[in-house]
Each structure stands twice: as C-alpha cells, then as structure tokens.
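Novice: Have a look at this one before I ask anything.
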Amino acid sequence: MNRVTHFEIYTNDPEAAQPFYQDVFGWQFSKFEGGPIEYWLVTTGDDKEPGINGSLTRPREGQSPGTLNTIAVQSLDQTIKKIEQLGGKICVPKMAIQKIGWLAYAAAPTGNGFATIEPDTKAK
C-alpha cells in the first residue's frame with residue numbers, strides 16, 4: 001500500500017488527445033460507461049510489465065489540465081486525518097467508486113494535488 005496505482009490525465013478534449021498518446025506510446029483507450037462523467041480508461045502496457053494504467057478525462061470545475069496520481073492506502077479515513085493534521089487539504093471529499101473503492105482528492109501543503117483510494121470491491 002501507499003504506492004501510486006493509477007493516474008488521471010485531465011484535458012479539455014479527451015477524444016482529441018487520445019491519438020497522440022496512442023501513436024507515441026501505444027496506449028489503448030476504452031470508454032468507461034455508467035459513471036457520472038466522461039471517462040476513458042488507459043491501458044499503458046502488458047500487466048506483466050512494470051508500470052500502471054490510468055485514465056483520461058476533462059478537468060472538473062476549477063481544475064486545470066494536467067496529470068494527477070492516485071495512491072492506494074489501507075484506510076482512507078485515517079489517511080484523510082493525517083493529510084489534514086499535516087497541513088494538507090481535502091479538495092473532494094470521500095466518495096464511493098462502485099466496485100473499485102473509496103476515493104478522495106487532496107492537496108499537499110505545497111499545493112500539489114493527488115488522490116487517495118482505499119480499494120474495496122463492495123463500495124457503492
């Protein structure tokens with residue numbers, strides 16, 4: 001735990017961005033259906049090789065284009081407490097990602113954004 005397990009690339013035009021990453025790196029994209037926002041899953045390579053997969057989506061309101069890493073944690077509630085105790089900020093509160101886990105977006109005291117996820121296939 002406490003490792004980067006996923007990334008999100010935020011861009012104003014996710015569909016236009018896909019050919020670039022596909023042609024340069026060979027990444028594959030598949031649209032995630034059923035979520036509240038447009039979201040494409042990104043497969044960066046064979047699961048037998050080192051590395052992580054991610055996603056491509058539009059920035060949320062007030063968010064700029066960029067990349068955000070997601071860090072898996074054992075307890076999201078405990079991690080949120082530590083973030084706040086150490087001067088960080090919770091930007092998007094804890095939410096369920098159905099059948100994936102519990103997710104929150106945060107910022108370090110320096111302003112760097114990241115997400116934390118507690119894996120839980122029973123999350124609703």
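The values are calculated or read from the model by the stated rules, or taken from the named source; none is laboratory data. Keep in mind it's a predicted model, so treat the numbers as computed, not measured. When we count neighbours, we look across all protein chains shown, and the Cβ atoms used for this are built from the backbone with ideal geometry, even at glycine. The area values use the complete protein model at the heavy-atom level, side chains included, leaving out ligands, DNA and RNA. Shrake-Rupley method; radii C 1.70, N 1.55, O 1.52, S 1.80 Å.
Novice: Sticking with the crude label model, points 7 Å out along Cα→Cβ, report the distance from R60 to Q78 in nm, one decimal please.
Specialist: 2.5
Novice: In addition: Report the residue, chosen from P59, P36, P109, that carries the largest GNM mean-square fluctuation when the chain is represented by alpha-carbon nodes joined by springs under 10 Å.
Specialist: Looking only at P59, P36, P109, the largest GNM fluctuation is found for P36.
Novice: Follow-up question, since we're still on this one. In a GNM of the chain with a 10 Å cut-off on Cα contacts, which of E84, E38, E49 has the highest mean-square fluctuation?
Specialist: In the Gaussian network model the winner is E49.
Novice: Might you tell me the accessible area per residue for the chain, computed with a 1.4 Å probe and given in Å²?
Specialist: Per-residue value: 66 Å².
Novice: If you don't mind, there's one more thing I want to ask. Enter the accessible area of V92 (Å², nearest 10), with the probe set to 1.4 Å and all protein chains included.
Specialist: Approximately 50 Å² of V92 is accessible to the 1.4 Å probe.
Novice: Please give the charge dipole size of the chain, origin at the Cα centre, charges +1 on K and R Cβ atoms and -1 on D and E Cβ atoms. Round to the nearest 20 debye.
Specialist: Using Cβ point charges on Lys, Arg, Asp and Glu, the chain gives about 520 debye.
Novice: Under the rule of at least 5 residues apart or a separate chain, name every residue whose amide H is placed under 5 Å from the amide H of A123.
Specialist: K99, I100, G101
Novice: Stretched out fully, how many nm does the piece from A123 to T67 gain, at 0.36 nm a residue minus the Cα gap?
Specialist: Value of the extension gain: 17.7 nm.
Novice: Determine the alpha carbon to alpha carbon distance for each of K31/K94; K82/K122; K48/K89; K48/K124 and list only those over 28 Å.
Specialist: K48/K89; K48/K124
Novice: Could you point to the residue in Y39, G88, Q63 farthest towards the positive end of the chain's charge dipole, with +1 and -1 charges on the Cβ of Lys/Arg and Asp/Glu respectively?
Specialist: Toward the positive end, the furthest listed residue is G88.
Novice: Which percent, to the nearest 5, of DSSP beta bridges fully inside the range 1-108 are antiparallel?
Specialist: 85
Novice: In nm, to one decimal, how far is the modelled label at I90 from the one at K48, with both set 7 Å along Cα→Cβ?
Specialist: Between I90 and K48, the label points sit 4.2 nm apart.
Novice: Express in Å², to the nearest 10, the accessible area of E33 obtained by rolling a 1.4 Å probe over the protein heavy atoms while all chains stay in place.
Specialist: Approximately 130 Å² of E33 is accessible to the 1.4 Å probe.
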